[in-house]
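First up is the structure itself, then whatever we jot down about it.
The values are calculated or read from the model by the stated rules, or taken from the named source; none is laboratory data. As the structure is a prediction and not an experimental result, all values here were calculated from the model. Ideal geometry is used to build each Cβ from the backbone, glycine not excepted, and the neighbour counts take in all protein chains shown. Note: areas computed on protein heavy atoms with side chains; ligands, DNA, RNA excluded. Shrake-Rupley method; radii C 1.70, N 1.55, O 1.52, S 1.80 Å.
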Amino acid sequence: FSGSYLPLINSNEKRKAIEFINKYREKQESIVNISSQLKLTREEIKDRFNLKSDSFIFFPMQIEGDSNIILNSPYYKKMSDVVRDLAFVAKKTGIPVICRPHPENKESLKEIISDFSGNEMINFDTDVNLHAMIDSSIATVVINSTVGLESLLYETPTIALGCSLYSHKGLTYDCGNKQKIVDVV
């Protein structure tokens, strides 16, 4: 990913990498894990959020004061700005968005959640397993978090809004504004 000049992996190494990725996906564990996570199917997620559509966009929120946001996010510095733009995307595409507050976020998210409380296209959840959300969504929108890398391992289309180790390398859809996100979706 980082542009190394090391030789490409051979077929045996590729087989081992694929085995590792498959085991990783089966375990459904993340770097940041919380104990009470529901491992739901796409249909169960649809029922849980009363979604009219069979598809949804997943947005795992980040901590605004994190160095990844401060240094590597030229377009978005506040999660409320991303959620607002994703509400625009949802309205334009008819595809709802499920936002996941970061489990280590110590800042209050009550204001963001209350701003979108009447919008049936924007949902917030911390209980459904991260990997179930990634695997069930039609796209994962990240700024530059590790969840973007996890989304790529699931082969879920990944929309990157900032700069990361994996963005701008042809692996992600790199977007800097809401209209570009609409176009990608």
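Considering each of VAL83, VAL184, VAL147, VAL142 in turn, give the residue that is touching a Leu at 6+ places or on another chain (Cβ under 8 Å) and more than 22 Å from GLU44 (Cα to Cα).
On the way: VAL83 fails: touching a Leu at 6+ places or on another chain (Cβ under 8 Å); VAL184 fails: touching a Leu at 6+ places or on another chain (Cβ under 8 Å); VAL147 fails: more than 22 Å from GLU44 (Cα to Cα).
Of VAL83, VAL184, VAL147, VAL142, the one residue that is touching a Leu at 6+ places or on another chain (Cβ under 8 Å) and more than 22 Å from GLU44 (Cα to Cα) is VAL142.
Among the residues of the stretch 28-39, is any of a type in the set (A, V, I, L, M), touching a strand residue (DSSP E or B) at 6+ places or on another chain (Cβ under 8 Å), within 16 Å of PHE124 (Cβ to Cβ) and at pLDDT below 95?
Yes, because at least one residue in the stretch 28-39 is of a type in the set (A, V, I, L, M), touching a strand residue (DSSP E or B) at 6+ places or on another chain (Cβ under 8 Å), within 16 Å of PHE124 (Cβ to Cβ) and at pLDDT below 95.
Would you be able to say whether some residue in the stretch 89-104 is among the small types (Gly, Ala, Ser), out of contact with any Leu (no Cβ under 9 Å at 6 or more places or on another chain), without any contact (Cβ under 8 Å) to a residue 40 or more places away in the chain and open to solvent by less than 50 Å² (accessible area, probe 1.4 Å)?
Step one: filter the stretch 89-104 for residues among the small types (Gly, Ala, Ser), giving 90, 94.
If we keep only those that are out of contact with any Leu (no Cβ under 9 Å at 6 or more places or on another chain) as well, we get 90, 94.
Right, trim to without any contact (Cβ under 8 Å) to a residue 40 or more places away in the chain and you get 90.
Within this subset, residues satisfying the condition of being open to solvent by less than 50 Å² (accessible area, probe 1.4 Å) are 90.
There is at least one residue in the stretch 89-104 that is among the small types (Gly, Ala, Ser), out of contact with any Leu (no Cβ under 9 Å at 6 or more places or on another chain), without any contact (Cβ under 8 Å) to a residue 40 or more places away in the chain and open to solvent by less than 50 Å² (accessible area, probe 1.4 Å).
Going by what's in this entry, would ASN50 be described as part of a loop (DSSP other than H, G, I, E, B) and under 20 Å from LEU161 (Cα atoms)?
Working: part of a loop (DSSP other than H, G, I, E, B): yes; under 20 Å from LEU161 (Cα atoms): no.
Criteria not met by ASN50.
SER137: small (Gly, Ala, Ser) and either open to solvent by less than 60 Å² (accessible area, probe 1.4 Å) or under 19 Å from GLU64 (Cα atoms) (or both), yes or no?
Working: small (Gly, Ala, Ser): yes; either open to solvent by less than 60 Å² (accessible area, probe 1.4 Å) or under 19 Å from GLU64 (Cα atoms) (or both): yes.
Judged against the criteria, SER137 is a match.
In the stretch 58-80, what residues are in contact (Cβ under 8 Å) with a residue 60 or more places away in the chain, surrounded by 20 or more Cβ atoms within 10 Å (Cβ to Cβ) and hydrophobic (A, V, I, L, M, F, W, C)?
PHE58, PHE59
Residues are listed down the side, and each one gets a yes or a no for (1) touching a residue at least 40 places away in the same chain (Cβ under 8 Å); (2) touching a strand residue (DSSP E or B) at 6+ places or on another chain (Cβ under 6 Å); (3) open to solvent by less than 70 Å² (accessible area, probe 1.4 Å); (4) not basic (Lys, Arg):
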{"residue": "GLU111", "(1), (2), (3), (4)": "no, no, no, yes"}
{"residue": "ASP127", "(1), (2), (3), (4)": "yes, yes, yes, yes"}
{"residue": "LEU165", "(1), (2), (3), (4)": "yes, no, no, yes"}
{"residue": "TYR173", "(1), (2), (3), (4)": "no, yes, no, yes"}
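Within the stretch 108-149, count every residue that is farther than 20 Å from CYS175 by Cα, hydroxyl-bearing (Ser, Thr, Tyr) and in contact with a helix residue (DSSP H, G or I) (Cβ under 9 Å, 6 or more places away or on another chain).
Matching residues across the stretch 108-149 total 1.
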